[in-house]
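Single-structure report; data block below.
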């Protein structure tokens with residue numbers, strides 16, 4: 001039951017992009033086509049899951065026993081940066097087709113605050129365990145994917161809209177994101 | 001632009017011409033995430049400006065020592081160290097703000113403004129120019145966050161910096177302190193900013 005609640009909360013109620021404001025840069029940056037947004041979502045799912053697993057273990061078995069909790073931010077960002085590089089190198093060798101699909105997005109992910117954000121938030125889960133943290137990361141990346149893909153589909157239609165000059169570009173995108181976020185607000189009572 | 005850089009212009013560009021929020025669209029996560037009140041916006045702006053200043057200065061000092069290949073990881077470590085310092089200072093001296101900003105304090109480390117300025121400016125310029133560049137960008141970012149926070153607080157809670165100017169049971173536009181209000185308020189602010197600076201997108 002715990003897990004169902006985590007999933008629903010992460011995807012709909014506390015959507016990582018639309019209500020927690022993590023990962024806004026890729027949300028606004030790579031959402032002009034549905035195909036690229038699918039690729040980005042895949043890359044985030046991949047990296048976020050691995051990164052949370054590693055940072056959770058690092059925190060639990062290295063930082064806390066050694067009393068180095070204050071090094072959390074530094075060590076996590078280093079782990080994530082190193083992981084992204086490693087995933088890129090391994091994917092290139094092991095699965096060139098997957099690398100073709102996700103490759104361009106991987107370097108962008110280091111500065112995606114959703115990855116670091118989820119890694120830190122996962123530490124604060126109630127009755128936390130490794131399994132729960134990993135499940136939390138997967139749920140959040142699904143939430144990211146949902147928001148990004150829906151937003152990209154809307155933006156594809158917006159290209160044809162006849163807008164006043166001052167609204168074009170950033171303002172209209174933010175406005176659409178606001179309306180989407182409003183729609184997600186409707187899920188509040190679910191959990 | 002190495003030697004005869006006009007320092008006044010260098011400072012001002014961060015506020016208007018290259019405003020990190022309205023023009024360059026960097027650091028959007030904290031911009032939207034913490035601006036539910038003017039005080040939070042100001043606090044986040046100052047914290048970010050501090051990290052920006054310290055890391056720009058540090059990067060500018062060590063730029064000749066760091067090999068080009070590992071410069072990005074090195075910059076990230078420098079930035080993360082200063083973020084940790086800020087995290088500790090806030091927790092010790094302004095615990096209220098520390099709680100309000102929450103997850104967004106450690107996330108200053110992935111704020112693209114800071115890495116962006118380190119890479120694009122501080123790694124190529126001298127100490128004084130880098131410090132002034134950081135100050136300009138920091139002030140520009142703080143201003144943007146404070147304005148956005150003020151607009152949202154005035155509309156959403158009928159107050160400014162915590163001072164209420166409507167009666168307690170008045171109906172305020174609560175939408176603006178909820179997440180959707182962040183997007184909508186920023187959308188209209190950037191329309192106004194574009195109109196004022198005559199920038200055609």
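The values are calculated or read from the model by the stated rules, or taken from the named source; none is laboratory data. What you are looking at is a predicted structure, and each value in this text was computed from that prediction instead of being measured. Methodologically, a virtual Cβ is constructed for each residue, glycine included, from the backbone with ideal geometry; neighbour enumeration extends over all protein chains shown.
Things worth noting here:
- Check on residue B:27, in contact with a helix residue (DSSP H, G or I) (Cβ under 6 Å, 6 or more places away or on another chain), more than 23 Å from residue A:110 (Cα to Cα) and surrounded by 21 or more Cβ atoms within 10 Å (Cβ to Cβ): no
- Any chance residue B:156 is modelled with pLDDT under 90, assigned to a helix (DSSP H, G or I) and closer than 27 Å to residue A:14 by Cβ: yes
- Residue B:143 meets each of the listed conditions (1) more than 14 Å from chain A (Cβ to nearest Cβ); (2) buried (at least 21 other Cβ atoms within 10 Å of the Cβ) apart from (2).
- Qualifying residue in the range A:5-15 (condition: crowded, with 24+ Cβ neighbours inside 10 Å, out of contact with any strand residue (DSSP E or B) (no Cβ under 6 Å at 6 or more places or on another chain) and more than 19 Å from residue A:186 (Cβ to Cβ)): no
- Residues of the range A:28-76 classified as under 30 Å from residue B:22 (Cβ atoms) and within 12 Å of another protein chain (Cβ to nearest Cβ), total: 3
- The sole residue among A:148, A:116 that is touching a residue at least 24 places away in the same chain (Cβ under 8 Å), crowded, with 20+ Cβ neighbours inside 10 Å, within 30 Å of residue B:102 (Cβ to Cβ) and at the interface with chain B (Cβ under 10 Å from one of its Cβ atoms) is A:116.
For (1) more than 28 Å from residue B:102 (Cβ to Cβ); (2) away from chain A (no Cβ under 14 Å); (3) assigned to a helix (DSSP H, G or I); (4) without any contact (Cβ under 8 Å) to a residue 12 or more places away in the chain, each residue gets a yes or a no:
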position	(1), (2), (3), (4)
B:10	yes, yes, yes, no
B:16	yes, yes, no, no
B:20	no, no, no, no
B:44	no, no, yes, no
B:49	no, yes, yes, no
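- Tally, over the range B:76-112, of residues that are away from chain A (no Cβ under 11 Å) and either within 23 Å of residue A:82 (Cβ to Cβ) or part of a helix (DSSP H, G or I) (or both): 11
- Condition met for residue A:79 (surrounded by 21 or more Cβ atoms within 10 Å (Cβ to Cβ) and within 13 Å of another protein chain (Cβ to nearest Cβ)): no
- If the condition is being in a loop (DSSP other than H, G, I, E, B) and in contact (Cβ under 8 Å) with a residue 40 or more places away in the chain, then the range A:15-28 contributes A:15, A:16, A:17, A:18, A:19, A:20, A:22, A:23.
- Subset tally (residues that are away from every other protein chain (no Cβ under 13 Å) and loosely packed, with under 13 Cβ neighbours inside 10 Å) for the range A:152-183: 5
- Across the range B:106-131, the number of residues qualifying as more than 15 Å from the chain's Cα centre (by Cα), touching a residue at least 60 places away in the same chain (Cβ under 8 Å) and either under 22 Å from residue A:72 (Cβ atoms) or surrounded by fewer than 24 Cβ atoms within 10 Å (Cβ to Cβ) (or both) comes to 9.
- Qualifying residue in the range B:55-65 (condition: at the interface with chain A (Cβ under 10 Å from one of its Cβ atoms), more than 13 Å from the chain's Cα centre (by Cα) and over 28 Å from residue B:176 (Cβ atoms)): no
- The residues in the range A:29-56 that are part of a helix (DSSP H, G or I), in contact (Cβ under 8 Å) with a residue 60 or more places away in the chain and touching a helix residue (DSSP H, G or I) at 6+ places or on another chain (Cβ under 6 Å) can be counted, and the count is 17.
- Answer residue from the range B:22-39, given it is closer than 12 Å to residue B:144 by Cα and part of a helix (DSSP H, G or I) and is farthest from the other protein chains (Cβ to nearest Cβ) among those: B:38
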